[in-house]
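First the structure, in the form of structure tokens, and then the observations on it.
The values are calculated or read from the model by the stated rules, or taken from the named source; none is laboratory data. A quick note: this is a predicted structure, and the numbers were derived from the prediction, not measured. Cβ sites come from the backbone with ideal geometry, for glycine too, and all protein chains shown count toward neighbours.
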Amino acid sequence: MMGFGPSPMRREIELLVRQAGRELGFDVIRADDVDYSGEIWGNVELCLENCSYGIAVFDTDSRDDQNLAVELGYLFARRTPCLILRDQALPPPASMLSHRVHSTFTAYDLRSTLQPQIERWLGAIAGQQTKRLSSLRRLRPEKVDL
């Protein structure tokens, strides 16, 4: 889950998340990847209902914070595990998020501040799945909503 506005930083964040997911056997999806329903919320809801994990990225474009908070709250209500990433330049999070564990990143150094956190989190999940499914071959990748 992240803002939809175009920016070089957001494109790089998306690339890093997708790359880490692919390397660890996850299928990373965004609500704007495919038009499933003909409306934005329908796509968002479909992705949120069908993902196994969520990654929320709060960057310095504060216009998207409310939308991200709604989507993150939706996943919290479903008890979907989520990684919350916040640009360290942002002010403290809203009270809804202040009690949650956050990982911070630096927008000007995404490869060394954001990528390792994504890889560590997804790697831990992949390791748990491997333990549970050690005798089974994974038939389809898990869905991660970005």
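For the stretch 101-146, which residues satisfy the criterion of being touching a Ser or Thr at 6+ places or on another chain (Cβ under 6 Å) and at pLDDT 80 or above? Working first, answer last.
Residues of the stretch 101-146 touching a Ser or Thr at 6+ places or on another chain (Cβ under 6 Å): 105-106, 113, 117, 142-143.
Residues satisfying the conditions are Phe105, Thr106, Thr113, Gln117.
State which residue is nearest to the chain's Cα centre (by Cα) when the search covers only the stretch 1-43 and only residues that are of a type in the set (A, V, I, L, M) and within 21 Å of Thr60 (Cα to Cα). Explain how you work it out, then say what you get.
Here is the first cut: in the stretch 1-43, the ones of a type in the set (A, V, I, L, M) are 1-2, 9, 13, 15-17, 20, 24, 28-29, 31, 34, 40.
Checking the rest, the ones that are also within 21 Å of Thr60 (Cα to Cα) come to 1-2, 9, 13, 15-17, 31.
Details: Met1: 5, Met2: 7, Met9: 15, Ile13: 10, Leu15: 12, Leu16: 11, Val17: 8, Ala31: 12 Å.
Result: Met1.
Could you say whether any residue in the stretch 77-90 is at pLDDT below 90, within 25 Å of Ile125 (Cβ to Cβ), in a loop (DSSP other than H, G, I, E, B) and basic (Lys, Arg)?
No: the stretch 77-90 contains no residue that is at pLDDT below 90, within 25 Å of Ile125 (Cβ to Cβ), in a loop (DSSP other than H, G, I, E, B) and basic (Lys, Arg).
What are the pairs with Cβ atoms under 6 angstrom where one residue, in the stretch 66-93, is farther than 15 Å from Ser52 by Cβ and the other, located anywhere, is among the charged types (D, E, K, R)? Sequence gap at least six, or different chains.
Listed pairs, sorted by first residue: Ile84/Arg100; Asp87/Asp59.
Just to verify a result, which residue in the stretch 47-72, among those that are aliphatic (A, V, I, L, M) and not in a strand (DSSP E or B), is farthest from Glu119 (Cα to Cα)?
For the stretch 47-72, the residue satisfying everything is Val70.
Any residue in the stretch 30-46 that is part of a strand (DSSP E or B) and surrounded by 14 or more Cβ atoms within 10 Å (Cβ to Cβ)? Working first, answer last.
Residues of the stretch 30-46 that are part of a strand (DSSP E or B), as a first pass: none.
No, the conditions are met nowhere in the stretch 30-46.
Name the residues in the stretch 61-75 that are within 19 Å of Leu110 (Cα to Cα) and either modelled with pLDDT of 85 or more or in contact with a Ser or Thr (Cβ under 8 Å, 6 or more places away or on another chain) (or both), would you? Don't jump to the end; show me each part of the working.
If we filter the stretch 61-75 for residues that are within 19 Å of Leu110 (Cα to Cα), which is where we start, we get 61-62.
Listed by number, the list holds a single entry, Asp61.
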